[in-house]
Amino acid sequence: MEYHLHPMGENAIIIELGQEMNTLTHEKVQVLSAYFEDHPLDWVEEHVPAFTTVAVYYDPFKLTSALRQSTELPSTYVCRQLESLLSKLTLGVEKEPRIVDIPVCYGGELGPDLETVARLNDLTTEEVIHIHSTGDYIVYMIGFAPGFPYIGGMSEKIAAPRLASPRLRIPERSVGIAGKQTGIYPIETPGGWQLIGRTPIHLFRPNDESPSLLKAGDKIRFTPISYQEYLEWEDAAK
């Protein structure tokens with residue numbers, strides 16, 4: 001497995017597994033993340049998967065005994081341990097991805113930019129909905145806001161630029177498009193993505209043991225629902 005290690009500050013190492021977002025790099029990220037989940041190391045505080053990297057945050061004080069008779073810096077020791085780990089990992093053994101169904105009510109007041117996306121791509125709104133809801137999607141990373149999924153796999157046929165002037169308030173659970181990516185706003189926040197719909201599913205659940213519904217590696221299926229179904233789903237969740 002090819003990689004590069006980059007120390008970041010006094011307690012983190014960035015493991016670079018590729019230079020562009022693609023299927024092979026994503027597989028490397030998932031294999032390494034799965035290893036950390038299944039084989040926790042006492043000095044690793046957290047690992048954070050991203051598009052092409054995995055950040056490993058460690059506790060230098062838990063390395064005291066290992067470094068007592070050594071002149072190595074904590075970062076040097078951690079890099080050496082990671083090199084040993086990475087030399088043993090092989091591809092093709094990652095976990096079966098979880099499939100998460102996300103219902104979406106497209107257009108209207110819940111998706112004010114649906115017509116804009118259609119016009120930019122010389123499509124009807126029905127065609128945009130069909131293309132968006134039949135894509136083969138993977139969550140590449142969680143970031144920007146708590147539980148915000150960066151989702152790859154969207155068709156270029158419905159790609160659209162970010163808004164020239166971002167909105168100050170994006171309603172939570174809004175589904176948007178920015179460039180060749182789609183995503184879901186888990187909380188109310190400013191943002192510049194083109195909004196094409198909204199899901200009644202809460203992606204960020206701060207009181208749960210695992211607050212983010214989605215995680216890197218999940219496969220997503222978007223399912224169109226009517227406005228009435230959206231309201232009924234919301235009422236049932238109250």
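The values are calculated or read from the model by the stated rules, or taken from the named source; none is laboratory data. Since the structure is predicted, the reported quantities are computational estimates derived from the model, not experimental observations. Note that we place each Cβ from the backbone using ideal geometry, even for glycine, and neighbour counts take in every protein chain shown. Each accessible area value is taken on the protein alone, full model and side chains, heavy atoms only, with ligands, DNA and RNA left out. Shrake-Rupley method; radii C 1.70, N 1.55, O 1.52, S 1.80 Å.
List of remarks:
- For LYS88, the lysines whose Cα falls under 18 Å of its own Cα, not counting residues fewer than eight places away in the same chain, are LYS28.
- Solvent-accessible surface (1.4 angstrom probe) belonging to PHE148, in square angstrom, nearest 10: 0
- Given +1 at the Cβ of Lys and Arg, -1 at the Cβ of Asp and Glu and no other charges, the dipole of the range 112-238 around its Cα centre is 380 debye to the nearest 20.
- The chain: angle of helix 23-38 to the longest principal axis, Cα-based, in degrees nearest 10: 60
- This structure gives P(r) over Cα pairs in 10 Å bins from 0, in percent, computed directly, and of (i) 7, 28, 29, 20, 11, 4, 1; (ii) 7, 27, 25, 18, 15, 7, 1, 0; (iii) 7, 33, 38, 18, 3, 0 that value is listed as (i).
- Accessible area of the chain belonging to carbon and sulfur atoms, whole % at 1.4 Å probe: 51
- Compared with the dominant principal axis of the Cα atoms in the chain, helix 74-88 is inclined by about 70°.
- Probe 1.4 Å, protein heavy atoms only - accessible area per residue of the chain in square angstrom: 54
- Judged by the mean number of other Cβ atoms found within 10 Å, the most tightly packed of the peptides 156-163, 112-119 leads the ranking 112-119, 156-163.
- Helical runs (DSSP H, four residues minimum) scored at -39500 (n - 2.57) apiece and divided by the length of the chain put the mean residue ellipticity at 222 nm at -7500 deg cm²/dmol.
- Order of exposure, largest accessible area first, which applies to LYS215, LYS88 with probe 1.4 Å: LYS88, LYS215
- The chain: angle of helix 227-237 to the longest principal axis, Cα-based, in degrees nearest 10: 50
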